[in-house]
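Enquirer: I have a structure I would like to understand better, so I am pasting it below and will then ask my questions one at a time.
Every read-out reported here was derived from the displayed coordinates using simple, explicitly stated rules and does not represent laboratory data. Predicted model, so just to flag it, every value in this text is computed and none were measured. Cβ atoms come from the backbone with ideal geometry, glycine included; neighbour counts cover every protein chain shown.
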Amino acid sequence: MRSLNILIYFLILTISGFSQIEHKKVKAKKGDGIYTLLKRYNKDSPQMHTAFINLNKNNLGENNFLIAGKEYLLPNTKQINNSRNFAIFGEKYASVETKGQDLKGAVFYIVAGHGGPDPGAQGKRDGYTLSEDEYAYDISLRLARELISHGATAYMITRDEDDGIRDQAYLPNDKEETVWKNQKIPYGSNKKLRQRARAVNKLYKSNKGKYQRMMVIHIDSRYKNQRVDIFGYYSSKSTKGKKFTSNLINTVEKKYKKHQPNRGFSGVAKSRDNLYMIKYTDPVTSFLELGNIQNSEDQIRFIKYQNRQAIAEWLTAGCIVDFKANK
Ligand SMILES: [Zn+2]
């Protein structure tokens, strides 16, 4: 019996040894900054710096200060070679590690709704104003990052060079967003939509022949006072759009059933042809309404960053289902 236990223990050790990258633990000394610490171990490069923050994000002080006496993990070279840097995700999340190649060859356009002078729908909570565009943007960034980590190419169409992925509950509204590439967002709903539709259509041409999908992300909902689950809209003329949107919604439903079995889920995929971003864009499109930012129950889905991250991961899982079916 005892030897069996030892054998099992040994197997667990071996398996975890294979699947995980080993990280050396080091203690921060008084006055250490990240660079000083990395230099001590001959690891002071910008890539190591980003990887260090990524690896230790839960143990860093404000402004990424090191806490003296605390142990930190040192990034290793193998991990650095397996990741790429994207400044748009912000310092903490810039380094994207490759988790797999399930989406290799797929191209995604991610359009976070509103932005620039237009905050979209706004809700109130605890004395804060929640702006749709900021929360849609944070989820969009997380989605792009997940897609990239699975080998896809993902374009952030609405962008904010100052706001990376943010973990705080209340995201202040700003008007700095632009549209790919470096276009100032104009006033006026039609002008604004025409600008992003054109940006996408131009990229679509340059990626001709590839699997291409667009996701437009909103959190305002047509049902103003109700709590709503995730809805997906597609063009009634697009069989692929219907399939894509159903794959996204069905995957989200499965994930909810697994993680919150008693919750129930009322989200659906529906056709809707009168939306500008569905009508005037070339890629196969899914227009997603993630909830109602004015509804206090729905708000919990957005103010917790773990929930924003979960939505991004579940939509990515849906993209993988769709891409595999189209291969
Ligand atoms: Zn909206």
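Enquirer: Quick one: which of K92/K208; K202/K270; K43/K258; K175/K240; K99/K208; K191/K240 span more than 30 angstrom between C-alpha atoms?
Expert: From the list (K92/K208; K202/K270; K43/K258; K175/K240; K99/K208; K191/K240), the Cα-Cα distance tops 30 Å for K92/K208; K43/K258; K175/K240.
Enquirer: While we're looking at this one, here's another question. For region 96-326, report the translational diffusion coefficient in µm²/s to the nearest whole number, using Stokes-Einstein at 25 °C, 0.890 mPa s, and a Kirkwood Rh over Cα pairs.
Expert: Rounded, D is 140 µm²/s.
Enquirer: Please report how far the C-alpha centroid of region 41-109 lies from that of region 186-214, rounded to the nearest whole angstrom.
Expert: If we compute the Cα centre of each part, the gap is 31 Å.
Enquirer: Let me ask another. Can you list the trypsin sites (Lys or Arg not before Pro) in region 281-312 that are in a DSSP coil and have 13 or fewer other beta carbons within 10 angstrom?
Expert: The qualifying sites are K304.
Enquirer: At a 10 angstrom cut-off on C-beta neighbours, averaged per residue, how do the peptides 146-155, 287-296, 54-63, 41-50 rank from highest to lowest?
Expert: Ranked from most to least packed, the peptides come out as 287-296, 146-155, 41-50, 54-63.
Enquirer: Here's something else I'd like to know. Relative to the present Cα-Cα distance, how much length would full extension add between S189 and N58 at 0.36 nm per residue of separation?
Expert: 43.1 nm
Enquirer: Where in region 199-234 does the label zone of Q260 land, with the point 7 angstrom along Cα→C-beta and an amide N cut-off under 15 Å?
Expert: Of the residues in region 199-234, 227-231 have backbone N under 15 Å from the label point off Q260.
Enquirer: DSSP loop (so not H, G, I, E, B), at most 10 other Cβ within 10 Å: list which trypsin sites (Lys or Arg not before Pro) in region 193-270 pass both filters.
Expert: Passing sites in region 193-270 are K208, R222, R263.
Enquirer: Something else: How far apart, in nm, are the 7 Å Cα→Cβ label points at T77 and Y223?
Expert: 5.7 nm
Enquirer: A further question follows. Taking the Cβ-Cβ separation of E297 and N173 as r and a Förster radius of 22 Å, what is the calculated FRET efficiency to the nearest 0.05?
Expert: Computed FRET efficiency for E297 and N173: 0.50.
Enquirer: Suppose R0 equals 22 Å. What FRET efficiency, 1/(1 + (r/R0)^6) with r the Cβ-Cβ distance, do K39 and F65 give to the nearest 0.05?
Expert: Calculated value: 0.85.
Enquirer: Give the order of M215, M156 when sorted by the count of other beta carbons within 10 angstrom, beginning with the fewest.
Expert: Ascending Cβ contact count within 10 Å gives the list M156, M215.
Enquirer: What list do you get for I311, I219, I110 if you sort them by fewest beta carbons within 10 Å?
Expert: Lowest to highest Cβ neighbour count: I311, I110, I219.
Enquirer: Stick to Cα atoms and the Kirkwood definition of Rh, then tell me Rg/Rh for region 275-327.
Expert: In region 275-327, Rg relative to Rh is 1.07.
Enquirer: I've got another one for you. Could you derive backbone 3J(HN,Hα) for region 115-132 from the dihedral phi with the Karplus parameters 6.51, -1.76 and 1.60 (θ = phi - 60°), listing whole Hz in sequence and x where the residue is Gly or Pro?
Expert: Those phi angles translate into x, x, x, 10, x, x, 5, 10, x, 10, 7, 6, x, 9, 9, 9, 9, 3 Hz.
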